[in-house]
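The values are calculated or read from the model by the stated rules, or taken from the named source; none is laboratory data. Since we're looking at a predicted model, the values are computed, not measured. Because the Cβ atoms are built from the backbone with ideal geometry, glycine has one as well, and the counts that use them run over all protein chains shown. Calculation scope for accessible area: heavy atoms of the full protein, side chains included, ligands and nucleic acids excluded. Shrake-Rupley method; radii C 1.70, N 1.55, O 1.52, S 1.80 Å.
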Amino acid sequence: MAQATHGGPAESGTRRDFLNLMTTSLAGFGALAVAWPMIHSLNPSKDVLALASVEVDLSAIEVGQAVTVKWRGKPVFIRRRTEEEIKQAEEVDLATLRDPQPDDVRVQKPEWLILVGVCTHLGCVPQGQKPAEPRGQYGGWFCPCHGSEYDTSGRIRRGPAPLNLEVPTYTFESDTLVKIG
Ligand code: FES
């Protein structure tokens, strides 16, 4: 219900209220008319929305294997870690890390490590996804651009990169289906 914005006789008040309301309504309509094309243009199309998240079926990935998927134009590394890799990641003394983070804040399930595969130095894609690629002395990934090495939790251990590999937002939809983004 609109509130009167003035005193004075009831009749003129009613008329002024009406005028005020008209002005407000027109201004509101004007604002809406301007806002609509903007909102409409900000509304992502269906194909853009589709790229905002990606679902990955994990059922075919064996222990010790890794796959790379594309998400929002970036590679995402998914590695199904071995018991040994999990142990290595969990036993690291955090005081020795450049970007200290315990392994359990970087994974939702210890077996599955999911990372944005972009080196935090200058943005190269580190190696270590394929069996034939070097993984560096910490068993994770090696960035050949300037020699950064990441461990089995994707944490920076050596070389110029300042930060750990980023963990993207993801949700397990089931035991074998993960939605990234
Ligand atoms: S971009 Fe990876 S070490 Fe420089």
Leaving out ligands, DNA and RNA, what percent of the accessible area of the stretch 50-180 is carbon and sulfur, probe 1.4 Å?
51 percent
Scoring only Lys, Arg, Asp and Glu (+1, +1, -1, -1) among other residues with Cβ under 10 Å from the Cβ of Val54 yields +2
So what are the ³J(HN,Hα) numbers for the stretch 83-88, from phi and the Karplus equation (6.51, -1.76, 1.60; θ = phi - 60°), rounded to whole Hz, Gly and Pro as x?
4, 5, 5, 5, 4, 4
Less than 12 Å Cβ to Cβ from Asp99, Lys/Arg counted +1 and Asp/Glu -1: what total charge do the surrounding residues give?
+2
Residue by residue through the stretch 118-133, the couplings from Karplus 6.51 cos²θ - 1.76 cosθ + 1.60 with θ = phi - 60°, in Hz, x for Gly and Pro, are 10, 4, 7, 7, 10, x, 6, 8, x, 9, x, 7, 9, x, 7, 8
If amide H atoms are modeled at 1.01 Å from N in the peptide plane, then the residues at a separation of 5 or more from Gly140, or on another chain, having amide H under 5 Å from its own are Tyr150, Thr152
Could you work out Rg/(2.2 N^0.38 Å) for the stretch 50-180, with Rg from alpha carbons only?
0.98
Non-local residues with an amide H under 5 Å from the amide H of Tyr170, with H modelled 1.01 Å from N and Pro and chain starts lacking one, are Gly181
What do you get for GluC sites (Glu not before Pro) in the stretch 51-140 restricted to DSSP loop and a cutoff of at most 11 other Cβ within 10 Å of the site's Cβ?
Glu62
Keeping all protein chains in the complex and leaving out DNA, RNA and ligands, what accessible area do you get for Lys109 with a 1.4 Å probe, in Å² to the nearest 10?
60 Å²
What does the net charge come to around Gln65 if you take all other residues with beta carbon closer than 15 Å to its beta carbon, with K and R at +1 and D and E at -1?
-2
Give me, ordered by chain and number, the residues 5 or more places off Thr82 or on other chains with an amide H under 5 Å from its own placed amide H.
Gly64
Tabulate in residue order the Karplus-calculated ³J(HN,Hα) for the stretch 103-115, using 6.51 cos²θ - 1.76 cosθ + 1.60 with θ = phi - 60°, rounded to whole Hz; enter x for Gly and Pro.
4, 6, 8, 9, 9, 8, 10, x, 5, 10, 9, 10, 9
